[in-house]
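Every read-out reported here was derived from the displayed coordinates using simple, explicitly stated rules and does not represent laboratory data. For clarity, every value in this text was computed on a predicted model and none was experimentally measured. Positions of Cβ are generated from backbone atoms using ideal geometry, with glycine treated the same way; all protein chains shown enter the neighbour counts.
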Amino acid sequence: VCGDSAGGGLALSVCMAQSISVRRCLRGALGLSAWADLSASTPSYDSRQWDEERCVGDAVNAGVTRKSGREEAEVYLGSGGVARHGRDWRASPFFASAAQLRRMPPVLLQVGDFELILDESVLLQQRMQAVGHRDSTVVVYPRMWHCWHEYAEGSGLGQPLHAAAKAVSELARWVRARATKRAAKSSSEGDPRS
């Protein structure tokens, strides 16, 4: 299950919400620049603000602040939604319980170092490791912005963004490895679906 931005958070929540039998079928969850905390509570909303003088931070989302992030979450969750649901794991998988995190399938999170939501991926993966999840990875791409993956083919600019192409290749390798592992396991168990 894969998604980017709000879809990345949704992909994580969908995996958490599944029954045991469905979770056994899931090969992995991929969160690309995953918006996993709709309450906008992490420190990177401040530390990754665009700084014009130093040319650091999230230039693509230069006008986004913690306040405007919460306003966007209100659009997604409905009026009063952040107050009511901003820390509910179904809307913000960042707040999942330890048991929910342990039960997740393998997880790969990719996030850009300049993203306002950087800490959502980094801290979520640290929590997963702390509670005993054995196959969770976060990869932080230096100097990349929110959803930089979209520039893998150049996005009309004529020249592909190397970091985006690298991230997409990494995704493909990660998916292939898990699909191959599952196919081998199914074959050895005599699973007719393999």
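Within 14 Å, Cβ to Cβ, of Arg102, how many net charges do the neighbouring residues add up to if Lys/Arg are +1 and Asp/Glu are -1? Summing Lys and Arg as +1 and Asp and Glu as -1 gives +3. Largest GNM mean-square fluctuation among Leu116, Leu77, Leu124, using the chain with Cα springs under 10 Å: Leu77. If we count GluC sites (Glu not before Pro) as exposed when they sit in a DSSP loop and have at most 12 other beta carbons within 10 Å, what is the longest stretch of the chain that avoids them all? The answer is 54-188. Using every pair of distinct Cα positions in the chain, the Kirkwood expression returns a hydrodynamic radius of 17.5 angstrom.
FRET efficiency for the pair Ser5 and Ala99, taken as 1/(1 + (r/R0)^6) with r the Cβ-Cβ distance and R0 = 25 Å, rounds to 0.40. Note on the chain: with a GNM built from Cα contacts shorter than 10 Å, the maximum mean-square fluctuation among Ser136, Ser19, Ser169 falls on Ser19.
You can think of it this way: the chain between Thr65 and Arg23 has 11.6 nm of extra reach, that is 0.36 nm per residue less the Cα-Cα gap. Placing +1 on the Cβ of every Lys and Arg and -1 on the Cβ of every Asp and Glu, with no other charges, gives segment 2-188 a dipole of roughly 1380 debye about its Cα centre.
Modelled this way, with points 7 Å down the Cα-to-C-beta line, the labels at Arg54 and Ala172 are 3.6 nm from one another.
Report, in whole Å, the centroid distance computed from the Cα atoms of segment 44-94 and segment 103-159. A separation of 16 Å, based on Cα centres.
Within the shell defined by Cβ-Cβ distances under 15 Å, the residues around Gln159 carry a net charge of -1, with Lys and Arg each +1 and Asp and Glu each -1. When you filter the trypsin sites (Lys or Arg not before Pro) in segment 84-118 for DSSP loop state and at most 16 other Cβ atoms inside 10 Å of their Cβ, you are left with Arg87, Arg90, Arg103.
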